[in-house]
1. Scan Ala86, Ala125, Ala171, Ala99 and give me the residue that is in contact with a Leu (Cβ under 8 Å, 6 or more places away or on another chain), without any contact (Cβ under 8 Å) to a residue 24 or more places away in the chain and more than 27 Å from Arg60 (Cα to Cα).
2. Does Glu278 meet the test of being of a type outside the set (Val, Ile, Thr), farther than 21 Å from Gln168 by Cβ and in the same structural domain as Pro163 (by TED's automatic domain parsing)?
3. Can you find a residue in segment 281-289 that is closer than 30 Å to Val196 by Cβ and free of Cβ contacts under 8 Å to residues at least 40 places away in the same chain?
4. Going by the structure shown, is Phe61 of a type in the set (Phe, Trp, Tyr) and either assigned to a helix (DSSP H, G or I) or under 17 Å from the mean Cα position of the chain (by Cα) (or both)?
5. What number of residues within segment 79-95 satisfy the criterion of being of a type in the set (A, V, I, L, M, F, W, C) and in contact with a helix residue (DSSP H, G or I) (Cβ under 9 Å, 6 or more places away or on another chain)?
6. Counting just the residues of segment 142-159 that are farther than 17 Å from Val218 by Cβ and in a loop (DSSP other than H, G, I, E, B), which one comes out modelled with the highest pLDDT?
7. Restricted to segment 204-230, and to residues that are charged (D, E, K, R) and surrounded by 15 or more Cβ atoms within 10 Å (Cβ to Cβ), which residue is nearest to Phe287 (Cα to Cα)?
8. Among the residues of segment 246-262, are any in a helix (DSSP H, G or I), of a type in the set (Asp, Glu), in the same structural domain as Leu306 (by TED's automatic domain parsing) and under 25 Å from Leu203 (Cβ atoms)?
Amino acid sequence: MQPGVRPSSRSHTLLAMGLAFLAGACASDPPAPDPMHRPAESLLEVMAVLRRHVPDDTYRFAPGRDFTGRNVYRASLLRLENLERAHAETLRAGTWDEAIAFAKGRALERLRAYGLAGASYRNAARYDGELRRTSLEGAALCDALAEAISLDRSVGEDAYPGPVQREQALASYQTRGALLEQLLIEAGETHYRAIVREELERLAIERTAFLVSLRRLVPDGDVRALAALQRNVIDHRESKNANAHLLALADLYATLSEEYIAANPPESLSFDPARFEELVASAARLFESVSNQDGAPEKLEAARRLEAFLAFTLKVDRDRFSP
C-alpha cells in the first residue's frame, strides 16, 4: 500500500479476520481437571472405594476419608445416590439394583443408620444372587443393633431423676450392654466387630455421663463417677478415643480439685493439703500423659488444659502458704 492511500474495506475485513485468527490461536483452552478430582463416573468406581474400606477397624482408627476430606462411607453413599439420579434411564433395567442396595447397606451401617441399612440389605436379598446370604446376615445384625441402641433411652434424660428413675436408667444401660455383648460374639471376626465395639464404647460414655451428672445426688457419687471413667480408660485403651477418655477423667479430677477449694478455702482450718495434693497430682498426671504424645490430635488440647489447671493450683498454693 502506497503512503497516503487509505486501505479499502476489503483490507479492513482481511485484517480483522487475521486478528481474530491470531487471538483464537493464542487463547489456550482451560486445563482439564485433575482425574483425581473429577466426580465419580461409574458405579464400579464408587463400589470399589467402598469395598476397600469395609474391613477398616473404625473402633481403633478414625474412618477413612476420600480426596475431598469427607468421611468415605458418607461420600460413597452420596455418590451412589447421585449416580442413580444421573443415570436413572440406564439403571431402569434393574441389572445393578442388587449391588446398589447392598452397597448402600454397607455405607449406612457405618453411619449408624442401622434401620435404613437393614432395609437396604433386605432389598438386596430379594434377588436370588450371590449377595443374598450376606445381605440377610447383614439385615439381621443391623436390626439387632438398631434395637439395642434405641432401647428405652429416655430414662436417663431427666435432669434430676429420682431413685426409681435412676435404677431404671442403670438397668437400661445394663440391658443394652448385654445385647451388644451378645452381638459382639455373633459378629465374630467380621467387620461388624468394630461396629459393635464402637456401640459398646458409646454406651459406656453415655452411662458414665449419667453417673457424673448424679455426683451430687447420690451417696459416694464422686467415687462412682471416677470409677466409671477409670473403667472407660481401661476397657477402651485400644480405641481411637483413648486419649479422650483420659482427658475426661483428668477433667473430673480437676473439677473435684476446684470444688474442694470452694468448700475448703486454703486459709481455713478444714483445708487438707494432702487431700488437695492427691487430686491435683491425679489431674496433672493425666493431662501430662496426653500432652506428651507426639502426633496425637489431643496433644495441644491437653497442654492448654494442663497450663490452665497449674495456674489454678499455683494461686491456691500462694493463698495457702503465704504468711
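The values are calculated or read from the model by the stated rules, or taken from the named source; none is laboratory data. None of these values were measured; they are calculated from a predicted model. In this analysis, Cβ positions are derived from the backbone assuming ideal geometry, glycine residues included, and neighbour counts consider all displayed protein chains.
1. Among Ala86, Ala125, Ala171, Ala99, only Ala125 is in contact with a Leu (Cβ under 8 Å, 6 or more places away or on another chain), without any contact (Cβ under 8 Å) to a residue 24 or more places away in the chain and more than 27 Å from Arg60 (Cα to Cα).
2. No.
3. no
4. yes
5. Summing the residues that are of a type in the set (A, V, I, L, M, F, W, C) and in contact with a helix residue (DSSP H, G or I) (Cβ under 9 Å, 6 or more places away or on another chain) in segment 79-95 gives 3.
6. Out of the qualifying residues, it is Ser150.
7. The selected residue is Asp222.
8. Yes; the residues of segment 246-262 include at least one that is in a helix (DSSP H, G or I), of a type in the set (Asp, Glu), in the same structural domain as Leu306 (by TED's automatic domain parsing) and under 25 Å from Leu203 (Cβ atoms).
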